[in-house]
1. Please enumerate the residues belonging to region 257-294 that are outside any helix (DSSP H, G or I), touching a Leu at 6+ places or on another chain (Cβ under 8 Å) and more than 11 Å from the ligand (Cβ to nearest atom).
2. What residue, among those in region 150-174 that are closer than 16 Å to residue 135 by Cβ and of a type in the set (Gly, Ala, Ser), is nearest to the ligand (Cβ to nearest atom)?
3. Please determine whether any residue of region 240-251 is within 8 Å of the ligand (Cβ to nearest atom), under 29 Å from residue 290 (Cβ atoms) and assigned to a loop (DSSP other than H, G, I, E, B).
4. Looking for something within 17 Å of the chain's Cα centre (by Cα) and of a type outside the set (S, T, N, Q) - is there at least one such residue anywhere in region 17-24?
5. Going by the structure shown, is residue 138 crowded, with 16+ Cβ neighbours inside 10 Å and within 17 Å of residue 298 (Cα to Cα)?
6. Looking at (1) more than 16 Å from the ligand (Cβ to nearest atom); (2) free of Cβ contacts under 8 Å to residues at least 40 places away in the same chain; (3) surrounded by fewer than 24 Cβ atoms within 10 Å (Cβ to Cβ), which is the one condition that is false for residue 109?
7. From (1) among the hydrophobic types (A, V, I, L, M, F, W, C); (2) under 28 Å from residue 212 (Cα atoms); (3) over 18 Å from the mean Cα position of the chain (by Cα), pick out the condition that doesn't hold for residue 166.
8. Scan region 51-74 and report the pairs whose first residue is on the phi > 0 side of the Ramachandran plot and in contact (Cβ under 8 Å) with a residue 24 or more places away in the chain and whose second residue is more than 16 Å from the ligand (Cβ to nearest atom) and among the hydroxyl-bearing types (Ser, Thr, Tyr), with Cβ atoms within less than 9 Å and a gap of 6+ or a chain change.
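Just so it is clear, none of the values below were taken in a lab; they were calculated from the coordinates. Bear in mind the structure is a predicted one, so any value in this text is a computation, not a measurement. Cβ coordinates were reconstructed from backbone atoms using ideal geometry, including for glycine residues, and neighbour counts include every protein chain displayed.
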Amino acid sequence: MNIESLLEQLRNIFGDRLKEQEPLARYTSARIGGPAEALLSVSSKEELVLVMQKLWESDVPYRLLGGGSNILVSDAGVPGVVVLNQARKVHFTNSHTPSVWAESGAHLSKVARQAGKRGLGGLEWAAGIPGTVGGAVVGNAGAHGGEISSSLILAEILHCNEGQQFWEPPRFEFGYRSSLFKRQPRQGVVLTAQLRLEHKSVEEVEATMQEFDEHRRRTQPRGPSMGSMFKNPPGDSAGRLIDAAGLKGTRVGDAEISEVHANFFINRGKATAADVWSLIQLARQKIKEQFGVRLELEIELIGVWDEEQKQL
Ligand code: EPU
């Protein structure tokens, strides 16, 4: 099926929730990126399943977009269909072993805070993390020693060939900021995730979240960015290396290596993806020259990039 007939079908089902040539910058935390050929917002797990099945039948290129953090969208935009995941239902089970079932488009930080208000901890580390539950599972998000893979009990996924399934954590082959679906995005999507919680006092959970929040405010910049640009190399920190190379404050166009934390590249206004890309290359080259370390991207490049760029 070609893209025109697919879009016609989607328009019949979703009406004006299907937008054509929709600029993506506003859907990203960095506020950067050209237009999606088509952008479709889905607001439930069932809608996500329906759309994914149509996309897989059609062979039209697609991308799933959650919170828009941790990605750099090319200036030329994204061909095919971008699916904006706004499936956000959340259900807490406050039994002997408490947990939360969240649809993959739910904001992880909101889930963590809602849990806290119920006297349920275990996700304190996530209260300041941008992005959705699905994005966090796929990228194995983490901070302050916590990681989503350690909280995951079960996830309901849609596999491109095998349909809806429940996966336990080992099936995801989690690594540092990585999983099977991050390495092979076309295999499937996360529909819902059940996360482990623990009974605590509301005060205790909120005090820990506040402590993490203060740490983040001290150590991380506030402006629009993609979050950590590079993964930490084994035994070291990408931020420390970029800082030690004297690159803080370096600017290309409106993209700037943060003075606060060197692994954050900030959009100072009208930064383009090309500006950010130049800074990425500069940082990688300097770190390779000075420390012999190859920095690996943590963010994902979305849209029109050449294969060499995507290999980084
Ligand atoms: N450092 C510098 N200069 C800098 C930045 C950091 O010298 O400009 C030094 C710090 O002083 C510290 C070390 O580098 O000694 C590590 O820095 P930090 O504690 O800020 O942690 P990080 O390793 O840079 C990691 C995660 C963050 C997470 C924080 C807090 C990665 C790539 N980064 O940062 O995750 O929020 O720990 O737990 O894993 C993300 O993945 O998007 C992210 C923000």
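1. Kept after step one, since they are outside any helix (DSSP H, G or I), are these residues of region 257-294: 257-272, 292-294.
Now narrow it down to the ones that are touching a Leu at 6+ places or on another chain (Cβ under 8 Å): 257, 262, 265, 293.
Passing the criteria: 265, 293.
2. Selected residue: 151.
3. Step one: list which residues in region 240-251 are within 8 Å of the ligand (Cβ to nearest atom), which gives 240, 242-244, 248.
Now drop any that are not under 29 Å from residue 290 (Cβ atoms), which leaves 240, 242-244, 248.
Then drop every residue that is not assigned to a loop (DSSP other than H, G, I, E, B), which leaves 248.
Yes, region 240-251 contains at least one residue that is within 8 Å of the ligand (Cβ to nearest atom), under 29 Å from residue 290 (Cβ atoms) and assigned to a loop (DSSP other than H, G, I, E, B).
4. Start the filter on region 17-24 by keeping residues that are within 17 Å of the chain's Cα centre (by Cα), which leaves 24.
In the following step, the residues that additionally are of a type outside the set (S, T, N, Q) were identified as 24.
Yes, region 17-24 contains at least one residue that is within 17 Å of the chain's Cα centre (by Cα) and of a type outside the set (S, T, N, Q).
5. Numbers: crowded, with 16+ Cβ neighbours inside 10 Å: yes; within 17 Å of residue 298 (Cα to Cα): yes.
It is true that residue 138 is crowded, with 16+ Cβ neighbours inside 10 Å and within 17 Å of residue 298 (Cα to Cα).
6. Unmet for residue 109, out of (1) more than 16 Å from the ligand (Cβ to nearest atom); (2) free of Cβ contacts under 8 Å to residues at least 40 places away in the same chain; (3) surrounded by fewer than 24 Cβ atoms within 10 Å (Cβ to Cβ): (1).
7. Going through (1) among the hydrophobic types (A, V, I, L, M, F, W, C); (2) under 28 Å from residue 212 (Cα atoms); (3) over 18 Å from the mean Cα position of the chain (by Cα) one by one, residue 166 breaks only (2).
8. Going by the 9 Å Cβ cut-off, the qualifying pairs are 68/27.
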